[in-house]
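Here the structure is laid out as structure tokens; the discussion comes afterwards.
The values are calculated or read from the model by the stated rules, or taken from the named source; none is laboratory data. Note that this is a predicted model, so its numbers are computed, not measured. Backbone-built Cβ (ideal geometry, glycine too); neighbour counts: all protein chains shown. For accessibility, only protein heavy atoms count, side chains too; no ligands or nucleic acids. Shrake-Rupley method; radii C 1.70, N 1.55, O 1.52, S 1.80 Å.
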Amino acid sequence: MKVNLVFDGNFLYHLSFSVFSTYYRGQDLTEVLEDREKRQVLIRKCVMNLCAAVRRFGDDVNRVVVVIDSHSWRRTIYDDYKYALTRVKEPWSDAFVEVLGEFEALLRKRGLIVTRVPGAEGDDLIMMWAFALDELPDEETVILTADSDIRQLITPTISVFNYNSKFMKFYVFPGKEALWNERLDAEIQVLTTEAFEVLLYKVLMGDKSDNIPKVRAGFGDKAFNRFIESLKPELNGRLPSPTVFQGYSCTKLALWIQSKFERFLGTALSTEEIGRIISNIQLTWLSPSVYGPKQEELLIAMAEEVANTKDSYNYKKAYTLEDFYGMLIK
């Protein structure tokens, strides 16, 4: 079985930094990150975490892709998007970003596929890679991230692995549990996920960390679960795949959600609530449908970069797994 690994590079970097920073507790992190030798320690930690994750898949690994975040295009339309995450800038933030750039340069130098497009979030780029790799026959793709929103990309050939050592959860399409339980360590919990439920939850329930509002105040998790169960009888017991809606506009998907939600509630939504559904879809749906005319150039740039690099690196043709590990940590 061929397995493609798509790393959320920002998660990998932050995961490594969270451990690295404990080495220098009580010290000025600006000074630490400006010290060349200590920067190399952080980069080496990133490489070791990447390699440790790759080794879990053994000789099945086919491609290794690292996606790196950029300033989001959504901020040009929604001023408060992810405001809670960006309003505080640490004194060492500039040096922190510089080291990420050095890590990126090392990965490119060593031959990995690295995708970074100005204006595109990591989520956007992971979406493009998922679409590209999902079309390849007889290949499985694993997205490595702690971002729960990415689970809306799960298909029969796309899985999501949260490889944080505290959790180790592997999310798969229903029916793929046996395949992955046979190949993964027992410490990794394999869980089935309804991808469309992930999207519906974010749209209706919002996300405080991204400053995305809930559609209806007082509508909690228990009510949401009942809503999901109410949908299944008319859909043969399963929610549709998000790919079913790829040809939809954001407005068309919003109308679909609105009609199902109003029927469940037994009441009409207010104009404000309907507006929240539409804007929440635009902020959370990983689909080309969310891109308006102003973002068309970005979408094209993303697609071109993925298309141009899709087959540029297959390390099994050039390196053994041990070579791959060794060449990065030198």
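Structure summary
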{"quantity": "Whole-number percent relative contact order across the stretch 144-249, with pairs defined as alpha carbons under 8 Å at least 6 apart", "calculated": "21 percent"}
{"quantity": "GNM result for the chain, Cα springs below 10 Å: residue of R108, R151, R63 fluctuating most strongly", "calculated": "R108"}
{"quantity": "GNM result for the chain, Cα springs below 10 Å: residue of E304, E197, E187 fluctuating most strongly", "calculated": "E187"}
{"quantity": "Amide H within-cut-off set for N62, under 5 Å, with H built and near neighbours excluded", "calculated": "V3, N4, L5"}
{"quantity": "Charge dipole magnitude, Cβ of K and R +1, D and E -1 - the chain, Cα centre, debye nearest 20", "calculated": "400 debye"}
{"quantity": "The chain: relative contact order in percent, alpha carbon pairs under 8 Å with at least 6 residues between", "calculated": "21 percent"}
{"quantity": "For the stretch 133-148, Karplus couplings with θ = phi - 60° (6.51, -1.76, 1.60), whole Hz, Gly/Pro x", "calculated": "6, 5, 8, 7, x, 6, 10, 9, 10, 10, 9, 9, 6, 9, 7, 5"}
{"quantity": "Residue among L239, L199, L299 with the largest mean-square fluctuation in a Gaussian network model of the chain, springs linking Cα atoms under 10 Å", "calculated": "L239"}
{"quantity": "Value of relative contact order over the stretch 178-314, rounded to a whole percent, pairs C-alpha under 8 Å and six or more apart", "calculated": "25 percent"}
{"quantity": "Within the accessible area of the stretch 175-320 (1.4 Å probe), percent carbon and sulfur", "calculated": "50 percent"}
{"quantity": "Correct choice for Kirkwood radius over Cα pairs in Å that was computed from the model, options [x] 21.2; [y] 20.1; [z] 22.1", "calculated": "[x]"}
{"quantity": "From phi via Karplus (6.51, -1.76, 1.60), per-residue ³J(HN,Hα) for the stretch 20-35 in Hz, x at Gly/Pro", "calculated": "4, 5, 5, 5, 10, 4, x, 9, 6, 5, 4, 5, 4, 6, 8, 7"}
{"quantity": "Per residue accessible area in Å² of the chain, where ligands, DNA and RNA are left out and the probe is 1.4 Å", "calculated": "48 Å²"}
{"quantity": "Dipole magnitude of the stretch 168-211, debye to nearest 20 (Cβ charges: Lys/Arg +1, Asp/Glu -1, about Cα centre)", "calculated": "100 debye"}
{"quantity": "Estimated FRET transfer efficiency when R0 is 25 angstrom, pair N225-R263 (beta carbons, to 0.05)", "calculated": "0.90"}
{"quantity": "Members of K2/K169; K2/K294; K2/K38; K45/K169; K208/K260 lying beyond 27 Å, as alpha-carbon distances in this model show", "calculated": "K2/K294; K2/K38"}
{"quantity": "³J(HN,Hα) computed for each position of the stretch 199-207 - Karplus, 6.51 cos²θ - 1.76 cosθ + 1.60, integer Hz, glycine/proline x", "calculated": "5, 4, 4, 5, 5, 7, 9, x, 7"}
